[in-house]
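Enquirer: First the structure, which I've put down as structure tokens, then a few questions once you've had a look.
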Amino acid sequence: MAGILILGGGFAGLIAAEKLSRALGSEDHITMVSRCRQFTFYPALVRLAFGDCEPDDITFDLFEKLHRMDVRFVEGECLQIDPDNCRARITGNDFSGEIKYDHLIIAMGRRLATEKIRGFFEHAHHLLGIKEAMEFGEEVRTFERGDIVVGLSPEAFLPIPVCETAFALARRFKDEIERKEISVTVTFPEHIRRAFGGARLHLELTRAFAKHGVRLLTKFAAREIRANELIGFGNKVIRYDLLMLVPPFRGHPAVDKLEATDDSGFLGVDKYMRVQGLKKVYAAGDVTSFHGPKLASLAVRQAEVAAANVLSEIRGEIPSMTYRHEIAAIIDQGAESIYLNYGVWNNALYRLHKGSLWSLVKRTHNKLWRVIHEGL
Ligand SMILES: Cc1cc2nc3c(=O)[nH]c(=O)nc-3n(C[C@H](O)[C@H](O)[C@H](O)COP(=O)(O)OP(=O)(O)OC[C@H]3O[C@@H](n4cnc5c(N)ncnc54)[C@H](O)[C@@H]3O)c2cc1C
């Protein structure tokens, strides 16, 4: 029996599994393969780094959750997808071999291409995982004097934690920044507006950085890191004592061979979230090629569309649910938090709200997500 195969157990994979299992019950066989048995609520990693929550608050066990939903969970890594024969090659402790599918949803997220910036491994911190966020947090806790730089690398489609880290540092070191014992610099490879898919919130952010004593450097495209020096294209140099850089993103080697990827290895999909040129193969989340930032809110909506259209195919109907590329995101900066709702494909849609309520909403969202999706 083949059935539905979901590759990846992050936001997109989990939402797709929930939607499909709710609609199909035990009618169809659903399998999720994920490299990691744990679901991580990434948007809370900045709060984890700054000691506002614990790892257990922002993770849960996928196996238990999926077992209750009649979805088979396989802890393993997808090495290759063979769309002609509807098989995926998996390796892992649970299982090594090929899994056949009738319908496939690829939701493996992005790969962190730290190798694209020389010296990253030796000198930089990032906070894109539990361990890494805690290590960076430890450096912050023991930091007493000097220059802190936080930045976005070229092709790192994740501006929110960069902004949130800069604001969190500004709050933590308010007095030291005023006394000029500590400086905080935030860098973007292009204009801030581009990092947010064209949304015009650069004025609000520029004002907020200035108000909190954070130096803003745009058009600084990091290419190399040396001890205490971040080097950009054009040989611009920034001195640092502590550096947190979001590394470039790339797609996974396993999807690269599908010949449906862009130059960075992300999968091209149509408005139904079908992978271009392939039958019965859908993709959702960070693994897809869309303009602008890669966000959990987008992954969730893309997975809902992919799952709905897989259901249509199973029922012999024509897939009809379509995806609209609209950013909905909160930048948590305490009392002046920003809620942004922006249509990347329709810039007439632009809503921006400010206030401490949005900080509360973001913080509560993590708990709410857990109640709804872990379901204990
Ligand atoms: C620090 C940080 C802060 C963020 N803040 C926000 C925010 O405020 N708002 C927002 O909307 N978004 C935010 N994001 C982005 C958001 O977390 C991602 O967009 C979201 O996780 C994408 O979901 P996904 O399911 O596509 O990928 P992921 O959540 O990355 O899941 C990918 C899954 O695939 C699995 N996998 C990977 N490779 C393989 C393989 N070869 N075989 C099998 N399984 C594999 C992984 O183990 C994982 O389970 C943030 C991200 C980070 C890191």
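Laboratory data are not the source of any read-out in this text; all were calculated from the coordinates shown. Everything quoted here is computed from the prediction, not taken from an experiment. Every residue, glycine among them, receives a Cβ derived from its backbone with ideal geometry; neighbour counts consider all protein chains shown.
Enquirer: Let a ≥ b ≥ c be the square roots of the eigenvalues of the Cα gyration tensor of region 131-218; is it rounded (a/c under 1.5), or, if not, prolate (a/b larger than b/c) or oblate?
Expert: Cα axes put region 131-218 in the oblate bin.
Enquirer: If you average 1/r across every pair of different Cα atoms in the chain and take the reciprocal, what Kirkwood value do you get, in Å?
Expert: Hydrodynamic radius (Kirkwood, Cα pairs) of the chain is 21.4 Å.
Enquirer: A further question on this structure: Each label point is 7 Å from the Cα along the Cα-to-Cβ direction; what then is the distance between the points at residue 360 and residue 328, in nm?
Expert: In this crude label model, residue 360 to residue 328 measures out at 2.0 nm.
Enquirer: Just to check, using Stokes-Einstein with a Kirkwood Rh over alpha carbon pairs, what's the diffusion coefficient of region 264-335 at 20 °C and 1.002 mPa s in µm²/s?
Expert: For the chosen part, D equals 165 µm²/s.
Enquirer: With 10 angstrom as the radius, rank 87, 68, 301 by how many other C-beta atoms surround their C-beta, starting from the fewest.
Expert: Final ranking by Cβ density, sparse to dense: 68, 87, 301.
Enquirer: Could you give the length gained by full extension between residue 367 and residue 233, i.e. 0.36 nm per residue of separation minus their alpha carbon distance, to one decimal place?
Expert: 44.1 nm
Enquirer: Local charge sum around residue 344 (other residues, Cβ-Cβ under 10 Å, Lys/Arg +1, Asp/Glu -1)?
Expert: That works out to 0.
Enquirer: Calculate how many DSSP beta bridges within region 24-105 are antiparallel, expressed in % of all such bridges and rounded to the nearest 5.
Expert: 75 percent
Enquirer: Report Rg (one decimal) and Dmax (nearest whole number) for region 227-282, counting Cα atoms only, units Å.
Expert: Both quantities, over Cα of region 227-282: 18.1, 51 Å.
Enquirer: Related question: Cut-off 10 angstrom, C-alpha nodes, Gaussian network model of the chain. Which of 250, 22, 363 fluctuates the most?
Expert: 22
Enquirer: Right, something else. Could you please report the charge total around residue 64, scoring K, R as +1 and D, E as -1 over all other residues with beta-carbon less than 11 angstrom from its beta-carbon?
Expert: Charge balance in the 11 Å sphere: +1.
Enquirer: What is the Cα convex hull volume of region 7-58 when expressed per residue in Å³?
Expert: 88 Å³
Enquirer: Okay, next question. Nearest 5 is fine: what % of DSSP beta bridges in the chain come out antiparallel, could you say?
Expert: Of those bridges, close to 50 percent are antiparallel.
Enquirer: Over all directions, what mean area does the Cα convex hull of region 179-224 project, stated in square nanometres?
Expert: That works out to 3.8 nm², a quarter of the Cα hull's surface.
Enquirer: A further question on this structure: Taking every DSSP beta bridge that has both residues in region 143-253, what percent is antiparallel when rounded to the nearest 5?
Expert: Once the DSSP bridges in region 143-253 are tallied, antiparallel ones form about 30 percent.
Enquirer: Given the pairs 236/294; 211/354; 219/362, which span a C-alpha to C-alpha distance of over 21 angstrom in this model?
Expert: In this structure, 236/294; 219/362 lie more than 21 Å apart at Cα.
Enquirer: Just round it to a whole percent: the fraction of Cα-Cα distances in region 181-260 exceeding 17 Å.
Expert: Tail fraction, whole percent: 58.
Enquirer: If you average over every viewing direction, what projected area does the convex hull of the Cα atoms of region 1-116 give, in nm²?
Expert: 8.7 nm²
Enquirer: Calculate the spin-label point distance for residue 200 paired with residue 226, positioning each point 7 Å from the Cα along the beta-carbon direction, and give it in nanometres.
Expert: 4.3 nm
Enquirer: With the alpha-carbon atoms as the only input, what is the per residue convex hull volume for region 59-178 in Å³?
Expert: Spread over its residues, the Cα hull of region 59-178 gives 179 Å³ apiece.
Enquirer: Where Lys and Arg each count +1 and Asp and Glu each count -1, what net charge lies around residue 228 among other residues with Cβ under 11 Å from its Cβ?
Expert: -1
Enquirer: Here's something else I'd like to know. Which of 53, 78 comes first, and how do the rest follow, when ranked by fewest Cβ neighbours within 10 Å?
Expert: Final ranking by Cβ density, sparse to dense: 53, 78.
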